[in-house]
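Notes for the one structure printed next.
The values are calculated or read from the model by the stated rules, or taken from the named source; none is laboratory data. Just so it is clear, the model here is predicted, and its values are computed rather than measured. All Cβ positions, even for glycine, are placed from backbone atoms using ideal geometry, and neighbour counts span all protein chains on display. Keep in mind that these areas ignore ligands, DNA and RNA; they rest on the heavy atoms of the full protein, side chains included. Shrake-Rupley method; radii C 1.70, N 1.55, O 1.52, S 1.80 Å.
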Amino acid sequence: MANRCGTLAIVGRPNVGKSTLLNRLLGQKLAITSHKAQTTRHAILGIKTRAEGQLLFVDTPGLHQRGDGALNRYLNRAARSALAEVDAIVFVVEALKFNAEDQLALTAVAETGVPILAAVNKVDLVEDKSALLPYLETLATHHHFAALIPISARRGEQLDTLETHALALLPEGDNLFPEDQLTDRSARFLAAELLREQLVQRYGDELPYRTSVSIESFQEQDGCYRIGALIWVERDSQKGIIIGQGGGALKATASQARQEMQKLFGCAVHLTVWVKVKQGWSSNATVLASLGYD
């Protein structure tokens, strides 16, 4: 059997479980997750090597219609740019739901002309399973999908089936990456994401989209990483929330982020974190670019 290798974009509206799906497919946490929409801000490549070939999954920010700020525009551009030159697409929807943002995402992926798999996620949360078949039949009228596959990314259900269908859509060719490589993203980038994940999870109700992270220093020394990170907020009041009374909130955030980094990197991590104010960073395209949103 010929080896297959190619790229598949994981696309959908915010909060349908795209990043959870990527992590499950890889069998390891790579993309950060939270219950908050728009947690994913950058396209992230995840490499899955099987005996039959290599699947290069690209997790993308959720395509959305929520606001027209500079950050919102960047997220939509990042998602759409990930569709260029892919071999196939995994279009993720939430079981029994299909709204205007789902249609927006489907229209975008349909324009590529490449095969599309529909991954109907969160079926484990559907109490009345008899409602699934009518939903799938209706979904099939929206596009000629290569396959419609009910899955649970959270539980890992039906992901082997999804992978088998996905692999069949890829061109024949040699693997592009070593079989033990997980991503093409740097450890520096992943460290920033893991710290930002803690901010979203801890302050999602107060500061869901007003924080960003940049890594100021990243050194490998004596078998461990020494990392200096900056958390950016937009106002002094937000800085106070992040730091907390006596610095306790910031210490707890940094401690949990450091533990997640150690799990991913497989070595000791020394993490130092500061908080700074950059007025209106999320609505200024130039400032966004300086923070890595380019």
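Assorted remarks:
- Taking the stretch 112-180 and dividing mean pair separation by its residue count, relative contact order in percent (alpha carbons under 8 Å, at least six apart): 38
- Euclidean distance between Cα centres, the stretch 173-252 to the stretch 28-73, Å: 16
- Here the simple spin-label model places points 7 Å from the Cα toward Cβ, and for Asn99 and Ala285 these points are separated by 2.8 nm.
- Protein accessible area in the stretch 1-157, 1.4 Å probe - carbon and sulfur %: 50
- Per residue accessible area of the chain, 1.4 Å probe, in Å²: 45
- Relative contact order %, the chain, counting alpha carbon pairs below 8 Å whose residues are six or more apart: 19
- Subset of Lys36/Lys97; Lys239/Lys278; Lys48/Lys263; Lys18/Lys122; Lys18/Lys239 violating a 22 Å alpha-carbon distance limit: Lys18/Lys239
- Helical content alone sets the calculated 222 nm signal of the chain at -10500 deg cm²/dmol, taking -39,500 (n - 2.57) per DSSP H segment of four or more residues and averaging over every residue.
- In degrees, nearest ten, helix 100-110 long axis to first principal axis of the chain (Cα): 70
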